[in-house]
Amino acid sequence: MDNKGIKLEVNKGQLKGIEEFTTRLIKRFDLRYYVSNVPHSKAEGWDDWSEDNVYFKIESQEFPSIRSYSANNKDVI
């Protein structure tokens, strides 16, 4: 995946592919996030995981300092 730097918006109007539980929370609280593909070296807290995974940064649009990271097996996504 070479989409590094592209931020995708997730909000109550952009929920395609988001699981139902998360969708309900986003709609209920009008949450807004950006999701972007990041290099392993920028995925805070994932240092001991393999560089072979695909890493994502999830950040609040209103509060960019509130962020989380996720890793996925690139052969599965």
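The values are calculated or read from the model by the stated rules, or taken from the named source; none is laboratory data. Remember, predicted model here, so these are calculated numbers, not experimental data. No Cβ is skipped: glycine too gets one built from the backbone with ideal geometry, and neighbour counts run over all protein chains shown. The accessibility values were calculated without ligands, DNA or RNA, using every heavy atom of the protein model including side chains. Shrake-Rupley method; radii C 1.70, N 1.55, O 1.52, S 1.80 Å.
I'm spelling it out carefully: the read-out is Cα Rg over 2.2 N^0.38 Å, the candidates are (1) 1.05; (2) 1.13; (3) 1.28, and one was derived from this structure. Which label?
(2)
Number of Lys-Lys pairs in the chain under 16 Å by Cα, sequence gap 8 or more or different chains?
Close lysine pairs under the 16 Å cut-off: 10.
For region 57-72, just list the computed ³J(HN,Hα) in residue order, Karplus coefficients 6.51, -1.76 and 1.60, θ = phi - 60°, integers in Hz, with x standing in for Gly and Pro.
So the Karplus estimates, Gly and Pro as x, are 10, 10, 9, 5, 5, 6, 10, x, 6, 8, 8, 9, 10, 9, 10, 9 Hz.
Any idea what the relative contact order of the chain is, in percent, if you count C-alpha pairs under 8 Å spaced at least 6 apart? Intermediate results must be reported in sequence, preceding the final value.
On the way: 121 pairs, mean separation 20.8, N = 77.
Rounded, it is 27 percent for the chain.
Starting from the Cα-Cα distance between residue 29 and residue 74, subtract it from 0.36 nm times their residue separation and give me the gain in nm to one decimal.
On the way: separation 45, 0.36 × 45 = 16.20 nm, distance 3.14 nm.
Computed gain between residue 29 and residue 74 is 13.1 nm.
Note down the magnitude of the dipole of the chain about its Cα centre, charges +1 on Lys and Arg C-beta and -1 on Asp and Glu C-beta and zero elsewhere, to the nearest 20 debye.
Details: 12 positive and 13 negative charges, 101 e Å.
The dipole of the chain has a size of about 480 debye.
Measure nothing fancy, just the Cα-based angle from helix 20-29's long axis to the longest principal axis of the chain, in degrees from 0 to 90, nearest 10.
The angle comes out at about 50 degrees.
Using a probe of 1.4 angstrom, how much of the accessible area of the chain is carbon and sulfur, in percent?
Working: 2910 of 5860 Å².
That fraction is 50 percent.
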